[in-house]
Amino acid sequence: MPRFLTPFLMLCLVGFSARLGYQMARPPVLPRFAAELGADAWLIGLIVGASTITGVFIKLPAGTLSDILGRRRMLLLGAAFFAFPPFFYLLVQEAYTLLALRFLHGFATAIFSPVAAAAVADLFQERRGEKLGWFGSANEFGSAFGPLFGGFALGALARPGLSKFYITYVVVGVLGVIAFLLALRLPIGQASPQPASTAPPDGAKIGRWQQFLQGTREVIGNRAILIASGVEAAMFLGVGALLGFLPLYAKNIVGLSDASLGILLWLPLVMAMAGKPLAGRLSDRIGRKPMILVGLTLCIAMLPLMPLTTNMAGLLVEGAIFGLGMAIVTPSTMALVTDLCKVGHYGAALGVFGTIWDIGEALGPLLAGRLIDASGGLEVGTAYLIAFSSVAMVLVAAGVIFSLTVQEPEVTAEKAF
């Protein structure tokens, strides 16, 4: 392998390629697919949120197991779920089958995301926020172009029936296979850094079970980690609502084309991609907490503005600002969570972080879908305003709680490798 392909760079390449395909499978393609199958707004919201519901249950055990079994095994398992489930979309003929498949496909990010982030935390003690920002940026680069390609695919394949969706998901599968092949080349070791207290001398099976329980208990019992993760969940409540229903608002109320929907979702992700490395570096220098609060404020301000906007240009500007807020919050919260936990428990901590994050992202489209249904349905503009404004109030509450209760730790020599 060429020398310039460091473990960190390889992680970034795998993350990019995996996210490119995975996000192509999501909005704007997914809600359009669900609507074509006859799903109501609440069911569309559940379908959009299904993969993140999987993460709610899987990310914590996946992250904790990577502390015990090593990052490589779990990374390869996650990559396999990027590669093979997409081809089953060719069998989907009704909405509930699509829902079940989305739960299965969600194992991909549920396993890969916390384990890959923990691998980055293993590699860097200093400049951790910046490196997590760069890793997040590589993922967002794939995430940004996935919806764009998906929207263009729908536009290029415009025809009656489901064939345009089936062709799109074949492309998703091919990209997933590429990510899996790259993951096989990852130069990541078999074990993660472990504190001596988590390696009991008894049988290996007992030791691993004790490690799993100890890491899980320690992280779940840390209130600061839970609250910091809750801020990320609140922000992704807004992200989930936007991903699920901004394309439908833009299509039904503003009258944008399918290709335009891809651009509309692409710009916030580009902003998140571009901003994460700098935001992570700033959080290393001036602190995690002020960065988190600034980013959250930007997201809060944009949510109620979008459903008041009836032109493409305005939606693009507001989406870009929301994406900047995402760029500021995520690397800062992720770095704060690893600052707050012990070496050897990064997988468990980021598993908890990812689980709570996914609760927010899964509830976003569900909550928005219910509010839209209750407020008049998908063809009523004020229904989107009520839904997005309600989500914004949840973000406000999360920011207040975080501001009043969480203090940043001093990163001491005890946490160094």
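Against the definition (at pLDDT below 95, more than 29 Å from GLU410 (Cβ to Cβ) and crowded, with 18+ Cβ neighbours inside 10 Å), how does LEU305 come out, yes or no?
Details: at pLDDT below 95: no; more than 29 Å from GLU410 (Cβ to Cβ): yes; crowded, with 18+ Cβ neighbours inside 10 Å: yes.
Answer is no for this residue.
Does ARG285 qualify as being basic (Lys, Arg) and within 21 Å of the chain's Cα centre (by Cα)? No: the conditions fail for ARG285. The sole residue among SER332, SER390 that is surrounded by fewer than 20 Cβ atoms within 10 Å (Cβ to Cβ) and in a helix (DSSP H, G or I) is SER390.
Taking the range 313-353 as the range and being without any contact (Cβ under 8 Å) to a residue 60 or more places away in the chain and over 13 Å from LEU267 (Cβ atoms) as the test, only ILE328 passes.
This table checks each residue for (1) assigned to a helix (DSSP H, G or I); (2) touching a residue at least 60 places away in the same chain (Cβ under 8 Å); (3) farther than 20 Å from PHE236 by Cα.
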{"site": "GLY38", "(1), (2), (3)": "no, no, yes"}
{"site": "TRP42", "(1), (2), (3)": "yes, yes, no"}
{"site": "ILE47", "(1), (2), (3)": "yes, no, no"}
{"site": "LYS59", "(1), (2), (3)": "yes, yes, no"}
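Do we find that PRO268 is over 12 Å from VAL329 (Cα atoms), under 17 Å from the mean Cα position of the chain (by Cα) and crowded, with 21+ Cβ neighbours inside 10 Å in this structure? In short, yes. Figure legend. Inter-residue proximity from the range 108-130: first residues assigned to a helix (DSSP H, G or I), second residues among the β-branched types (Val, Ile, Thr) and at pLDDT 90 or above, beta-carbon distance below 6 Å, spacing 6+ or different chains. Indicated pairs: ALA110/THR54; ALA110/ILE58. Out of ILE292, ILE263, one residue alone is closer than 26 Å to ALA110 by Cα, in contact with a Leu (Cβ under 9 Å, 6 or more places away or on another chain) and of a type in the set (Val, Ile, Thr). It is ILE292. Out of all the residues in the range 224-246, is one or more among the acidic types (Asp, Glu) and touching a Lys or Arg at 6+ places or on another chain (Cβ under 7 Å)? No, the range 224-246 contains no residue that is among the acidic types (Asp, Glu) and touching a Lys or Arg at 6+ places or on another chain (Cβ under 7 Å).
When THR310 is evaluated against the numbered criteria (1) touching a residue at least 24 places away in the same chain (Cβ under 8 Å); (2) in a helix (DSSP H, G or I); (3) over 25 Å from ILE58 (Cβ atoms), which criterion, by number, is the only one it fails? Looking at each condition in turn, THR310 falls short on (2).
Output the residue which, of all residues in the range 147-175 that are of a type in the set (Gly, Ala, Ser), within 14 Å of ARG26 (Cα to Cα) and modelled with pLDDT of 85 or more, is surrounded by the most Cβ atoms within 10 Å (Cβ to Cβ). My answer is GLY150. Summed over the range 318-372, residues that are within 14 Å of the chain's Cα centre (by Cα) and closer than 16 Å to LEU60 by Cβ total 14.
So, of the residues in the range 9-62 that are more than 25 Å from ALA158 (Cα to Cα) and among the hydroxyl-bearing types (Ser, Thr, Tyr), which turns out to be surrounded by the most Cβ atoms within 10 Å (Cβ to Cβ)? Among residues in the range 9-62 that are more than 25 Å from ALA158 (Cα to Cα) and among the hydroxyl-bearing types (Ser, Thr, Tyr), the one surrounded by the most Cβ atoms within 10 Å (Cβ to Cβ) is THR52. Is it the case that ALA144 is in a helix (DSSP H, G or I), in contact with a helix residue (DSSP H, G or I) (Cβ under 6 Å, 6 or more places away or on another chain) and modelled with pLDDT of 85 or more? No, not satisfied.
Against the condition touching a residue at least 60 places away in the same chain (Cβ under 8 Å), more than 19 Å from the chain's Cα centre (by Cα) and within 22 Å of PRO28 (Cβ to Cβ), how does ALA387 come out, does it pass?
Numbers: touching a residue at least 60 places away in the same chain (Cβ under 8 Å): yes; more than 19 Å from the chain's Cα centre (by Cα): yes; within 22 Å of PRO28 (Cβ to Cβ): yes.
It is true that ALA387 is touching a residue at least 60 places away in the same chain (Cβ under 8 Å), more than 19 Å from the chain's Cα centre (by Cα) and within 22 Å of PRO28 (Cβ to Cβ).
Summed over the range 44-72, residues that are more than 21 Å from the chain's Cα centre (by Cα) and over 23 Å from TRP357 (Cβ atoms) total 1.
Can you give me the number of residues within the range 147-188 that are assigned to a loop (DSSP other than H, G, I, E, B) and among the charged types (D, E, K, R)?
In the first step, residues of the range 147-188 are kept if they are assigned to a loop (DSSP other than H, G, I, E, B); the result is 157-162, 184-188.
If we keep only those that are among the charged types (D, E, K, R) too, we end up with 159, 185.
Number satisfying all stated conditions: 2.
If you filter the range 85-107 down to residues that are touching a helix residue (DSSP H, G or I) at 6+ places or on another chain (Cβ under 7 Å) and assigned to a loop (DSSP other than H, G, I, E, B), you find that the one that is nearest to GLY38 (Cα to Cα) is VAL92.
Yes or no: LEU256 surrounded by 24 or more Cβ atoms within 10 Å (Cβ to Cβ) and among the hydrophobic types (A, V, I, L, M, F, W, C)?
Values: surrounded by 24 or more Cβ atoms within 10 Å (Cβ to Cβ): no; among the hydrophobic types (A, V, I, L, M, F, W, C): yes.
No: the conditions fail for LEU256.
The values are calculated or read from the model by the stated rules, or taken from the named source; none is laboratory data. Owing to the predicted nature of the structure, the values given are computational and were not obtained by experimental measurement. A quick note on method: Cβ atoms are made from the backbone with ideal geometry, for glycine too, and the neighbour counts reach across all protein chains shown.
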